[in-house]
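Chemist: A single structure is presented below for examination.
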Amino acid sequence: MESLSGIGNINTRNRTPKKVPLIRTARNRIAAEDISGSGLFVQLQKHNLVYWNDPNELVCRLRLLIASKAAGNKGVSNEILSIFEELQEAGLMKRIPNV
């Protein structure tokens, strides 16, 4: 087994004496300035309500979403689950499958 003593101190190898004063002055300059700002605004999605008259519409949408998930889209799982729940509430399904 090789010795790791030749590698040096891995934790401080990027802190050469040449860089330490630069880091200190940058920290002091940032601390001395008045930093103000509001940050980024988070835009939450509003709930998309799905209205349906015919269960066949839901099944068609469900097929599309399952194909989209199979293609790699990870953001459709909640909508798939909500369609399964709607079909179960309508009495068209006995249980929700593990998707």
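What follows draws every value from the coordinates through simple rules; no lab data is involved. Since we're looking at a predicted model, the values are computed, not measured. When we count neighbours, we look across all protein chains shown, and the Cβ atoms used for this are built from the backbone with ideal geometry, even at glycine.
Chemist: Based on the Cβ-Cβ distance of L92 and S68, what FRET efficiency does E = 1/(1 + (r/R0)^6) give at R0 = 30 Å, to the nearest 0.05?
Modeler: Efficiency, from the Cβ-Cβ distance: 0.85.
Chemist: Sticking with this structure for a sec: Looking only at region 66-92, which residues have a backbone nitrogen under 13 Å from a spot 7 Å from the Cα of N48 in the C-beta direction?
Modeler: Zone members listed by number: 66, 68-69, 74-83.
Chemist: Quote the FRET efficiency, to the nearest 0.05, computed for L81 versus F41 with a Förster distance R0 of 35 Å and r equal to the Cβ-Cβ distance.
Modeler: So, using R0 = 35 Å, E works out to roughly 0.75.
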